[in-house]
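Undergrad: Dropping the structure in here first, questions after.
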Amino acid sequence: MKVKFNTKILISGEHFSYVVIHLDMTFDLYDRKLNLTKGKKMEFVDVVKELDKELNLYHYYEKTIIDLYIQFIIYDKKYKPFLISRIM
C-alpha cells in the first residue's frame, strides 16, 4: 500500500515539476481574505496526483485566452486606431 504524503523534500539543485492548485482556504479565522502568492499555491505534480487535489485551471487559461485575443486585435486592421488629429 502506498503512503500518502503532504510534503516532499527536494534535493538542492534538482529540477522539479509543479502545478498550481486551488486552495480551499482563502480566508483566515477573522474572515479576512488571504493574500495568496503563486508560491503558496504551488505543489509537486506527484503529490497532487497522490492526494487528488484540484488544479487551478483559471491560472492556466487566463493568460492563454488573453494572449489569443491580443494577437487577434493586433493582427486585424479594423482594430487599429485612426489618426484623427495631427501633432503640430
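Undergrad: Quick check: pseudo-label points 7 Å beyond the Cα along Cα→Cβ at Ser17 and Thr37, how many nm apart are they?
TA: My value for the distance between the label points is 2.6 nm.
Undergrad: Taking the Cβ of each residue in Lys77, Lys40, Lys53 as the centre, tally the other Cβ atoms inside 10 Å and list the residues starting with the fewest.
TA: Working: Lys77 5, Lys40 12, Lys53 15.
Starting with the residue having the fewest Cβ neighbours, the order is Lys77, Lys40, Lys53.
Undergrad: Under 5 Å between amide H atoms, partner at least 5 residues away or on a different chain: which partners does His22 have, H built in plane at 1.01 Å?
TA: Under 5 Å from the amide H of His22: Glu54, Leu55, Asn56.
Undergrad: Still on this structure: Using label points projected 7 Å from each Cα along Cα→Cβ, tell me how many nm separate Met25 and Thr64, to one decimal.
TA: Spacing of the two 7 Å Cα→Cβ label points: 3.0 nm.
Undergrad: Given region 18-79 reduced to its alpha-carbon atoms as identical point scatterers, what log10 I(q)/I(0) does the Debye formula return at q = 0.20, 0.24, 0.27 Å⁻¹?
TA: Relative scattering, expressed as log10 I(q)/I(0), comes to -0.84, -1.00, -1.11.
Any read-out appearing in this document is the output of simple, stated calculations on the displayed coordinates, not a laboratory observation. Because the structure is a prediction, the values reported are computed rather than measured. Note that we place each Cβ from the backbone using ideal geometry, even for glycine, and neighbour counts take in every protein chain shown.
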